[in-house]
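Q: Would you mind keeping the following structure in view while I ask a few things?
The values are calculated or read from the model by the stated rules, or taken from the named source; none is laboratory data. It should be emphasised that the depicted structure is a prediction, and the values quoted were computed from it without experimental measurement. Methodologically, a virtual Cβ is constructed for each residue, glycine included, from the backbone with ideal geometry; neighbour enumeration extends over all protein chains shown.
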Amino acid sequence: MSTARGFIKEFQEFAIKGNMMDLAIGVIIGGAFGKIIDSVVNDLFMPLINFIVGGNVNFDNLFLVLRLPEGYAGAMTMAELTKAGAVVFAWGHFLTIFVNFLLLALVVFVMVKLVNNARRRFEAEPAPAPAAPPEDIQLLREIRDALQAGNPGK
């Protein structure tokens, strides 16, 4: 029975006091942060790339059809081909995900760099020197030390 209690106590320490809560918070924030990065790519960078290229480039619609279903005569869009069961090499979608990853990695790198710089500045600040004790406290300490030494002012 004591082994089970020890196990439960150890698990509680792990789950509550350990890094598990930090990890859970990081995963939740990371999921929300991923949506922000998706928006940055799709709503900010892709329009700029479309403007530079001079057309309406949507990387998600860049693909190579490897095999069509037998007798397929539908539209040749990614959505229709996937729905019909075609084998599609979706390199454009991969490119979009890869750009998302690069942007996410860049943002995380900058954030870690900023946090590390702030931590170094915080750790580099010297601790303030303790204030000198008031004169009466200093005098009382000297009297105490003299009494303890057995030589009261001789």
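Q: Take the conditions at pLDDT 85 or above, among the acidic types (Asp, Glu) and out of contact with any Pro (no Cβ under 7 Å at 6 or more places or on another chain) and apply them to Asp136. Does it pass?
A: Answer is yes for this residue.
Q: Also, quick follow-up: Condition check: out of contact with any Phe, Trp or Tyr (no Cβ under 6 Å at 6 or more places or on another chain), outside the structural domain of Ala32 (by TED's automatic domain parsing) and of a type outside the set (Asp, Glu). Does Ala84 satisfy that?
A: Considered against the rule, which asks whether it is out of contact with any Phe, Trp or Tyr (no Cβ under 6 Å at 6 or more places or on another chain), outside the structural domain of Ala32 (by TED's automatic domain parsing) and of a type outside the set (Asp, Glu), Ala84 comes out as no.
Q: Is it true that some residue in segment 11-20 is touching a residue at least 60 places away in the same chain (Cβ under 8 Å), out of contact with any Cys (no Cβ under 6 Å at 6 or more places or on another chain) and surrounded by 12 or more Cβ atoms within 10 Å (Cβ to Cβ)?
A: no
Q: So, one more: Residues that are over 41 Å from the mean Cα position of the chain (by Cα), part of a helix (DSSP H, G or I) and among the aliphatic types (A, V, I, L, M): does segment 62-74 have at least one?
A: Within segment 62-74 (the criterion being over 41 Å from the mean Cα position of the chain (by Cα), part of a helix (DSSP H, G or I) and among the aliphatic types (A, V, I, L, M)), the answer is no, since none of the residues qualifies.
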